[in-house]
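Worksheet: the structure to be examined is printed underneath.
The values are calculated or read from the model by the stated rules, or taken from the named source; none is laboratory data. Fair warning: this is a prediction, and the values are worked out from it, not measured in the lab. Cβ coordinates were reconstructed from backbone atoms using ideal geometry, including for glycine residues, and neighbour counts include every protein chain displayed. Calculation scope for accessible area: heavy atoms of the full protein, side chains included, ligands and nucleic acids excluded. Shrake-Rupley method; radii C 1.70, N 1.55, O 1.52, S 1.80 Å.
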Amino acid sequence: MSNKTFYVTTPIYYPSGRLHIGHTYTTVAADAIARYKRFTGFDVRFLTGTDEHGEKIQKTAAEKKMMPKDYLDGMIEDIKKLWETMEISYDDFIRTTDERHEKAVQKIFQKLYDKGDIYLGEYEGWYCIPCESLWTDTQVGEEHLCPDCKREVQKKKESSYFFKLSKYQQPLVDYYNSHPDFCFPESRKNEMLNNFINAGLDDLSVSRTTFDWGIKVPFDDKHVIYVWIDALCNYITALGYLSEDESLMEKYWPANMQIVGKEIVRFHTIIWPALLMALDLPLPDKVYGHGWILFSEDKMSKSKGNIVYPEPIIERYGIDALKYFLLKEFTFGQDGNYTNRNFLTRINSDLVNDLGNLLSRTVSMIEKYNDSIVPEPKVFDSVHAELKKVASSMPAKVDDAMNRMQFNEALEEIWKVVRRSNKYVDETMPWVLAKDETKKDELDTVLYNLAEALRLVTVMISPLLHITAKKIFEQLSAGEEIRTYESALSFGGLKPGTKVAKGEILFPRLDIEKELEVMESMFKPKTEEPVKEEVETKEIIHKDEITIDDFAKMELRVGKVLEASKHPKADRLLVFKIQVGSEIRQIVSGIAKFYDPKDLIGRNVVIVANLKPVNLRGVESQGMILSAATDDDSKLVVIQAEGIEDGVEVR
Ligand code: MSP
């Protein structure tokens with residue numbers, strides 16, 4: 001086995017629902033680079049897994065009246081089945097509920113505590129339940145919104161262990177400066193440095209006492225370890241860190257490539273490297289933050305009903321069609337928009353017309369004009385030399401693009417050869433050459449060059465589309481020795497005399513309009529199906545119980561909207577003048593996305609009348625207008641009290 005190692009990881013997935021093609025994207029990219037590195041001679045370790053602790057999971061399981069572990073086992077089985085269906089070539093699958101992980105995380109916590117990098121304190125801050133993140137006053141701002149998901153956060157005060165993140169602020173800055181490629185792409189690095197690290201790092205609360213579905217702090221079992229600390233450590237616990245056998249750790253750490261979606265870059269490029277520094281471990285070479293696959297410019301989410309699942313796509317169009325689309329359509333690192341039409345068009349143009357056509361023409365012509373035998377090339381100038389040049393220079397370009405994780409560029413370089421080869425057929429017109437005995441050398445050359453260019457193409461797509469590559473190699477009767485990366489570095493590997501054999505069509509041509517209808521129905525919830533499959537079960541996380549006396553402290557009143565205007569400095573906010581009995585209140589509300597200022601003039605709304613005034617971006621707000629909003633902030637309605645006089649108390 002090679003002594004060049006390559007360790008690549010995906011984030012570990014939340015088993016909170018069925019995975020969609022957005023999730024699949026991270027894993028397909030990791031699989032592509034893992035396969036590519038194996039193909040170019042590396043000893044690869046590819047890790048994926050699941051992130052199974054935390055309040056959210058505990059509550060979801062409780063709602064389903066299940067023990068967390070039983071609930072999780074079923075979900076994890078589905079995730080593993082998906083990766084199996086997609087032929088994802090991971091080497092290890094870690095669950096944060098694995099004993100190997102739990103034990104090692106406790107040892108890590110102990111080690112940091114003994115070192116003085118973890119200490120006991122009291123946490124007072126803002127908690128975002130869906131993100132399981134705690135934030136400071138500055139981070140949530142005056143509007144008290146989670147900086148990540150923009151949902152409302154709740155005040156929390158609890159005894160907590162803290163990790164001395166602040167101690168690592170300067171070492172992180174130094175590391176970023178001396179390792180400009182650590183956080184990638186550049187835009188994400190700048191965001192981390194400017195918006196977070198340079199803005200100052202507070203110590204991080206790393207334990208919780210308000211729920212218990214987590215790994216217990218080894219020396220204080222009232223506390224469970226913060227889920228992100230638990231989760232991040234998977235990348236080393238899977239290699240046996242602090243276990244009896246650290247051989248994998250010695251061999252594969254530090255990771256070469258940690259692939260994560262853009263919303264979790266912050267955890268992986270601030271908290272994670274600081275933890276590693278505290279453990280005296282080297283940092284990964286690169287954390288690559290990729291963009292999101294959007295659906296009609298929006299992030300996929302079950303509540304918006306715009307989810308695209310991989311299984312039905314694979315079943316109808318094949319694994320490679322989906323993988324090709326994901327890798328070719330989007331630039332790795334940037335967001336991209338998914339549409340069924342783009343997917344279908346991509347298959348027809350690139351896989352059916354370009355690649356499928358090249359294979360079927362090449363093999364058919366060799367069958368027809370040379371009894372299925374690959375002839376010997378005899379002419380080496382003009383258009384023949386040019387095709388050879390284009391094909392021979394391709395592998396190096398693909399290698400360069402792959403090493404930069406630019407999958408679409410790599411595929412484009414390969415497809416240039418596919419398209420050039422198809423053009424070569426049109427230019428040389430073998431069917432005309434075949435009619436003229438004196439053109440036999442020319443015809444042999446064309447047939448050979450086509451088959452050999454196709455072989456180079458197939459070798460280079462093999463780590464990306466391994467199923468398709470296998471089918472083409474079989475039709476070309478290409479032996480193992482000419483399927484390798486090294487064999488693609490020179491033109492001429494295919495032996496004249498090889499017998500080709502036509503096989504099944506690689507990708508059948510699609511009737512796009514018909515398939516659009518099929519795809520529409522793929523993701524529509526079927527009425528007879530249990531809703532659980534398609535619709536997110538609404539997770540209600542209750543606040544602490546209050547008494548009637550607590551409630552009586554709140555003064556809710558009907559108010560009539562007299563005036564409404566845009567906030568001069570904040571697009572999200574509207575400024576209202578509201579008549580409440582004899583008073584006129586000024587209230588600022590974050591509902592500009594949902595209401596035009598004039599929409600509410602004259603309406604009777606419900607306000608919190610005894611809320612301490614706050615200053616919102618320079619405008620005083622003397623209360624709050626009540627509204628109901630969906631969790632993902634896609635819909636919001638202001639609660640109205642039509643027909644009730646302003647000033648009346650709401651009870
Ligand atoms: N459990 C955390 C990761 C902990 S790693 C120590 C988590 N899990 S997740 O299931 O929510 O997300 C897993 C991966 O899927 C992330 O990289 C995330 O960015 C990716 N995607 C989820 N939806 C996505 C899109 N719509 N588009 C692209 N990738 C997205 O985060």
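Which of the following residues is open to solvent by less than 40 Å² (accessible area, probe 1.4 Å), within 20 Å of Ser477 (Cα to Cα) and among the β-branched types (Val, Ile, Thr): Ile414, Ile366, Ile373? Spell out the reasoning first.
Working: Ile414 fails: within 20 Å of Ser477 (Cα to Cα); Ile373 fails: open to solvent by less than 40 Å² (accessible area, probe 1.4 Å).
Every option except Ile366 fails the conditions.
Scan segment 446-479 for residues that are β-branched (Val, Ile, Thr) and surrounded by 23 or more Cβ atoms within 10 Å (Cβ to Cβ) and jot them down. Working first, answer last.
First, the residues of segment 446-479 that are β-branched (Val, Ile, Thr): 446, 457-459, 461, 467-468, 472.
Those that are β-branched (Val, Ile, Thr) and surrounded by 23 or more Cβ atoms within 10 Å (Cβ to Cβ): Val446, Val457, Thr458, Val459, Thr468, Ile472.
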By residue number, the members of segment 124-148 that are over 18 Å from Asp203 (Cα atoms), modelled with pLDDT under 85 and open to solvent by less than 40 Å² (accessible area, probe 1.4 Å) are Ile129, Cys131
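Of Asp92, Asp78, which residue is at pLDDT 95 or above and more than 14 Å from the ligand (Cβ to nearest atom)? Don't jump to the end; show me each part of the working.
Numbers: Asp78 fails: more than 14 Å from the ligand (Cβ to nearest atom).
Result of the check over Asp92, Asp78: Asp92.
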Suppose the filter is out of contact with any Pro (no Cβ under 6 Å at 6 or more places or on another chain), of a type outside the set (A, V, I, L, M), assigned to a helix (DSSP H, G or I) and surrounded by 19 or more Cβ atoms within 10 Å (Cβ to Cβ); does Lys37 pass it? yes
Please specify each residue of segment 294-312 satisfying the condition of being within 15 Å of the ligand (Cβ to nearest atom) and at pLDDT 95 or above. Pro310
Report yes if some residue within segment 112-119 is farther than 30 Å from Thr331 by Cα, in contact (Cβ under 8 Å) with a residue 12 or more places away in the chain, within 11 Å of the ligand (Cβ to nearest atom) and crowded, with 16+ Cβ neighbours inside 10 Å; otherwise report no. no
Could you please give the count of residues in segment 480-497 that are closer than 20 Å to Glu367 by Cβ and either among the aromatic types (Phe, Trp, Tyr) or surrounded by fewer than 19 Cβ atoms within 10 Å (Cβ to Cβ) (or both)? 3
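Report those strands (runs of 3 or more DSSP E) wholly inside segment 88-154 carrying at least 3 residues which are within 30 Å of Glu545 (Cβ to Cβ). If you could, list the steps in order and put the result at the bottom.
Numbers: elements: 92-95, 118-128, 133-135.
Those strands (runs of 3 or more DSSP E) span 118-128, 133-135.
Every residue in segment 12-26 that is part of a helix (DSSP H, G or I) and near the ligand (Cβ under 8 Å from one of its atoms), please.
The initial filter retains those residues of segment 12-26 that are part of a helix (DSSP H, G or I), namely 21-26.
Ile21, Gly22, His23, Tyr25, Thr26 - these are the residues of segment 12-26 that are part of a helix (DSSP H, G or I) and near the ligand (Cβ under 8 Å from one of its atoms).
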Mind counting the residues in segment 315-345 that are crowded, with 16+ Cβ neighbours inside 10 Å and either more than 23 Å from His23 (Cβ to Cβ) or more than 16 Å from the chain's Cα centre (by Cα) (or both)? 9
Mind listing just one residue for me: the one in segment 1-11 that is at pLDDT 95 or above and in a loop (DSSP other than H, G, I, E, B) and, of those, nearest to the ligand (Cβ to nearest atom)? Pro11
I want to confirm something. Restricting to segment 248-274 and keeping residues that are in contact (Cβ under 8 Å) with a residue 40 or more places away in the chain and aromatic (Phe, Trp, Tyr), which single residue is nearest to the ligand (Cβ to nearest atom)? Trp272
Reported set for segment 576-589 where residues are open to solvent by 50 Å² or more (accessible area, probe 1.4 Å) and either part of a loop (DSSP other than H, G, I, E, B) or not assigned by TED's automatic domain parsing to the domain that holds Gly643 (or both) is Ser582
Counting only residues in segment 35-53 that are in contact with an Asp or Glu (Cβ under 8 Å, 6 or more places away or on another chain) and within 17 Å of Asn403 (Cβ to Cβ), the one nearest to the ligand (Cβ to nearest atom) is identified as Phe46
With respect to Ile215, determine if the residue is within 11 Å of the ligand (Cβ to nearest atom) and either assigned by TED's automatic domain parsing to the domain that holds Pro68 or touching a helix residue (DSSP H, G or I) at 6+ places or on another chain (Cβ under 6 Å) (or both). no
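Can Phe211 be described as modelled with pLDDT of 95 or more and more than 16 Å from Ile118 (Cβ to Cβ)? Spell out how you get there, then give the answer.
Working: modelled with pLDDT of 95 or more: no; more than 16 Å from Ile118 (Cβ to Cβ): yes.
Answer is no for this residue.
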I'm trying to understand the selection: among the residues of segment 376-385, which are surrounded by fewer than 18 Cβ atoms within 10 Å (Cβ to Cβ) and outside any loop (DSSP other than H, G, I, E, B)? Ser382, Val383, Ala385
Out of everything in segment 218-237 that is in a loop (DSSP other than H, G, I, E, B) and away from the ligand (no atom under 11 Å from the Cβ), what residue ends up being nearest to Met277 (Cα to Cα)? Tyr226
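Looking for whichever is open to solvent by 40 Å² or more (accessible area, probe 1.4 Å), within 13 Å of the ligand (Cβ to nearest atom) and closer than 22 Å to Ala231 by Cβ here; the options are Lys69, Lys56. Which one fits? Don't jump to the end; show me each part of the working.
Numbers: Lys69 fails: within 13 Å of the ligand (Cβ to nearest atom).
So the residue among Lys69, Lys56 that is open to solvent by 40 Å² or more (accessible area, probe 1.4 Å), within 13 Å of the ligand (Cβ to nearest atom) and closer than 22 Å to Ala231 by Cβ is Lys56.
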For the structure I just gave you, tell me whether Tyr168 is within 16 Å of the ligand (Cβ to nearest atom), open to solvent by less than 70 Å² (accessible area, probe 1.4 Å) and closer than 13 Å to Leu275 by Cβ. no
Need the failing condition index for Met75 against (1) within 30 Å of Thr484 (Cβ to Cβ); (2) in a helix (DSSP H, G or I), just the number. (1)
Identify the single condition in (1) at pLDDT below 95; (2) more than 28 Å from Phe163 (Cβ to Cβ) that Arg35 does not satisfy, given that it satisfies every other one. (1)
